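Each value in this text was obtained by applying a stated rule to the coordinates, not by laboratory testing. All values derive from a computational prediction rather than experimental measurement. Positions of Cβ are generated from backbone atoms using ideal geometry, with glycine treated the same way; all protein chains shown enter the neighbour counts.
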Amino acid sequence: MKPGLYLFKKENGRSEYSMKTEVQVVVVDLDKSKKYPQNFVCILPQTAISRGKTSNIFNKVFEPNSLEVAKKLFA
């Protein structure tokens, strides 16, 4: 697997005064396909990756080196 990041933003709100921009970071497999969503793996967690905890899909997919993989993706 060759992991990469895909970023997208969406606007939430009822009016222009209450609009909120939300950015989501998605992990993709660049060996699988060059287009999203065909290469979707999982959503990168918004909180720090805890050592030893597999509470999210990212940790389960990239265990036991999930912290190192996350650092490389942002390098």
- Any residue on another chain or 5+ positions along whose placed amide H is under 5 Å from the amide H of residue 32 is listed here as 2
- Query: For residue 72 and residue 18, what is the calculated FRET efficiency with R₀ set at 35 Å and r taken between the beta-carbons, to the nearest 0.05?
  - Reply: 0.40
- Could you name the aspartates and glutamates whose alpha carbon sits less than 19 Å from that of residue 9, not counting residues in the same chain fewer than 8 places away? 22
- Message: Along the Cα→Cβ direction, 7 angstrom out, place labels at residue 61 and residue 5. What is the inter-label distance in nm?
- Response: 1.4 nm
- Message: List the residues, sorted by chain then number, that are 5 or more residues from residue 42 or on another chain and whose placed amide H is less than 5 Å from its amide H.
- Response: 27
- Query: Which shape class applies to the chain: rounded if a/c is under 1.5, otherwise prolate when a/b exceeds b/c and oblate if not, where a ≥ b ≥ c are the square roots of the Cα gyration tensor eigenvalues?
  - Reply: oblate
- Starting from the Cα of residue 25, step 7 Å along the direction of its Cβ; do the same at residue 38; then give the gap between the two resulting points in nm. 2.6 nm
